[in-house]
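For reference, the structure discussed in these notes is given below.
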């Protein structure tokens, strides 16, 4: 027996022998919302709902004995479910699942939050489950900032942040300009220019042309016969992919500031963007997304908003580095959307930085979309890092419910990272120099 299968049996002692009692309906009891008020306010992500909103929902609890199935994979869902007491095993299509225990950080996340179940949940011992109508997720989504100006209304925790106060007062952030070659290339492709003109534009920058040839010969494309010139590289990659790759390569120069500490911050965000970009490319291929280079560009631009913010700080003589660091997670999504809007990027790329600010992405349909790809790439970028312990179980994410059976599960996440390692290394080389 493999290590993963052995561990799976330890986590789920009822594997292949769930009790017959799971066939009967569990006991369901409507809750006293006042009694559960403190717990409801702690739940992620719906704890931000008001007491009035919770009162409008028919919330119940269900009781399960050891071995009973709480919900099955490949079922549609009309509730989101949380563990109140006991222990639950989340079984995916892979060889390893997740055990959720009461009174733990993971128990504050839903066992499943999408409209489709992509895992099976089994009680490991006597357990109580909180059932909340899926409408609660719609209420949660309605509270999320959905436009690029949300940072102009500072929430309480940021109202004393001096750099944010100045930005709100002056409203004078300078948006970065799309690099010249990338701008000319986009215009030419929009005007249906022939490949000869495209080649001339790229060859204006010998370094970019050389990088494009390197990309065409890289593990990204698993090529056997190397390409030796720009036109052959474009033919191999395709015009739209060439456009996305040239834009991606040309962005590195924007992540520069004069102040040493701010420049270090900018470079850290750029490296994170490269990692998310390479993982987006890998996941797009794995999950059958049609445009892998679009996923690569989306991953690379999801943090582009740090540029105008750090350059604003760079011009201040009295900025507080701690305030800059605390504000970055708050402003990056909004400012990234602003930058991509200035660059006339398509709506789905422009909105994406706002959408992936929360792990709980709005999913009206089951199909895998670009924002799912980048959000899951962002999730994988934290695996093995300092913030890994703060990650929700992957099975709790709505984006997880969009994935075909077995294509992604907790046990093969490490394999994905291993497979992407060379591509991340290549991406660092292409986009960092």
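Quick check on packing: order 33-45, 365-377, 57-69, 246-258 by the mean number of other C-beta atoms within 10 Å, highest mean leading.
In descending order of packing, they fall as 365-377, 246-258, 57-69, 33-45.
Can you tell me the mean projection area, over all orientations, of the convex hull of the chain's alpha carbons? Units nm², please.
About 23.2 nm², averaged over all directions.
Once you put a point 7 Å from the Cα of residue 317 and another 7 Å from the Cα of residue 203, both along the Cβ direction, what distance in nm separates them?
Distance between the two pseudo-spin positions: 5.1 nm.
Let me know the Rg and Dmax you get for the range 139-195 when you use only its Cα atoms, in Å.
Reported Rg and Dmax, both Å: 18.7, 54.
Between 0 and 90 degrees, rounded to the nearest ten: what's the tilt of helix 260-286 against the longest Cα principal axis of the chain?
70 degrees
Rank 52, 214, 275 by mean-square fluctuation in a GNM of the chain with C-alpha springs under 10 angstrom and give only the top-ranked residue.
Looking only at 52, 214, 275, the largest GNM fluctuation is found for 52.
Place a point 7 Å from the Cα of residue 193 along the Cα-to-Cβ direction; which residues of the range 245-259 have their backbone N under 14 Å from it?
246-247
Which value in Å does the Kirkwood hydrodynamic radius of the range 147-257 take, with 1/r averaged over all unlike C-alpha pairs and then inverted?
16.6 Å
Hey, what angle do you get for helix 413-432 against the long axis of the chain, alpha-carbon based, 0 to 90 degrees rounded to 10?
Once rounded, the angle reads 20 degrees.
With the convex hull built on the Cα atoms of the range 200-269, state its orientation-averaged projected area in nm².
Its Cα hull, projected and averaged over all orientations, spans 5.6 nm².
At a 10 angstrom cut-off on C-beta neighbours, averaged per residue, how do the peptides 296-305, 164-173 rank from highest to lowest?
296-305, 164-173
Multiply the residue separation of residue 48 and residue 78 by 0.36 nm, subtract the distance between their alpha-carbon atoms, and state the gained length in nm to one decimal.
8.8 nm
Which three lengths, in whole Å and largest first, does the range 100-216 cover when its Cα atoms are put on their principal axes?
69, 44, 25
Of 293, 101, 53, which has the largest mean-square fluctuation in a 10 Å C-alpha GNM of the chain?
53
Output the 0 to 90 degree angle, nearest 10, between the alpha-carbon long axis of helix 321-342 and the longest principal axis computed from the alpha carbons of the chain.
70 degrees
Of the candidates 179, 26, 155, which one comes out as most mobile in a Gaussian network treatment of the chain with C-alpha springs shorter than 10 Å?
Of 179, 26, 155, the Gaussian network model singles out 155 as fluctuating most.
Since every read-out is calculated from the coordinates, none of them should be taken as a lab result. None of these values were measured; they are calculated from a predicted model. Glycine also receives a Cβ, built like all others from the backbone with ideal geometry; neighbour counts cover every protein chain displayed.
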